[in-house]
Structures are given as structure tokens and as C-alpha cells.
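The values are calculated or read from the model by the stated rules, or taken from the named source; none is laboratory data. None of the values given here were measured: they were computed from a predicted structure. Note: ideal-geometry Cβ built from the backbone for every residue, glycine included; neighbour counts use all protein chains shown.
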């Protein structure tokens, strides 16, 4: 709950929220996002504005009931899952993490699993492994390891020996393997209808 988050309460012009967005929380399955300073500032402003409005209204918020989320069409969700959404390319509804998912989760927990897989929470599996990266230098040296930071200026990774290595991005070739990258990209493509349709479809998988 960002509105009641201690981190948000302590944030001053993005000094706490900004690093969290860029670095993520790998231990909880939240990947870091490579966003511009302007995008980070916009997110910070939105969070603080939402917090201020919520506090000015007073009172508490009621919990979200499962019925509050019943606005989607399961058939449309199935079509999106197998078609435009590309979900079926990586996920099977008969085995693995999506098998019987509608019987194992419901309500906000199920919606959270759809949008932020591997991010922890009740009933969630272990957090996914940190993304890995391979750096190839101009002289042909190849170094692989866990990706710790990647922005428009610098890439930092931890190699197999536990050493932290860094390079200017413009001076090397970088290849990143992030199991959750497709989900991060998908968040920018979902419409509200898409999300609720897929949610309705997942509820039928029991």
C-alpha cells in the first residue's frame, strides 16, 4: 500500500522512491526499471499527489471484494491469452504455474499474480532469479554475471567470482537475459479491458 508506505512518507522529491524504481526489489521479485529522470519524476509526483488526496479525504478504505473485479469477459480473455497478449508462448494452462491457478488464487491475489508474477505475497512462489547480463568489451573480452544496474550510462554486474564489474554502456556490447522482461513490457500494453478479460479467463482455470 504505497499510500501508507513508510518509504513514501520519508521520500523528499524522489530521493527514496527514485532509487527503488531504478533498482527494484529483486528479493521480492520486483525488477528495476530503466526509466528517464522525467518519467521517474512523474511517477514520484503522481504517488505524492495520490497520497495527499487520500489523506485529505480522511477515513479508511474498504477492502476490495472478489465481485468488484468481475467486469471481464472470459472468452475474450482466452482469446487475448492465446493471441495478441502472447501469454501462451511461455505459459501453459495445463501445467506449470498456470495450472489450476483459478483454484489456487482469487480476487486481488490472482490479479497481482497476473500483473506481477514472482513478486511475493501470500501463496506466491519463490522470487525469480535476478536478470543476468553478458558484456563484450571492444577488445573481445566476455564477462557474464548477475545484472545489478543498467541505465543509459553504466552497466554493473556481479561475476561468477562475486566481483562487482562496471563499464560505460557506450563502450561495450550488452546482452540481457531477464525472465520477467516480457511482463514488464506487457504492463505498458495492457488496457483495462485486457487485464479484466484475462483475469476472468484465469478464474475459469480450476
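Looking across segment 87-96, the residues that are loosely packed, with under 15 Cβ neighbours inside 10 Å and within 22 Å of residue 181 (Cα to Cα) come down to 88, 89, 90, 92, 95, 96.
Residue by residue, here is whether (1) part of a helix (DSSP H, G or I); (2) at pLDDT 90 or above holds:
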| site | (1), (2) |
| --- | --- |
| 146 | no, yes |
| 158 | no, yes |
| 162 | no, yes |
| 166 | no, yes |
| 173 | no, yes |
| 184 | yes, no |
| 190 | no, no |
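Would a scan of segment 160-177 turn up a residue that is in contact (Cβ under 8 Å) with a residue 60 or more places away in the chain and closer than 22 Å to residue 31 by Cα? Looking through segment 160-177, none of the residues is in contact (Cβ under 8 Å) with a residue 60 or more places away in the chain and closer than 22 Å to residue 31 by Cα. Scanning segment 136-156 for residues that are farther than 13 Å from residue 32 by Cα and in contact (Cβ under 8 Å) with a residue 60 or more places away in the chain gives a single hit, 152.
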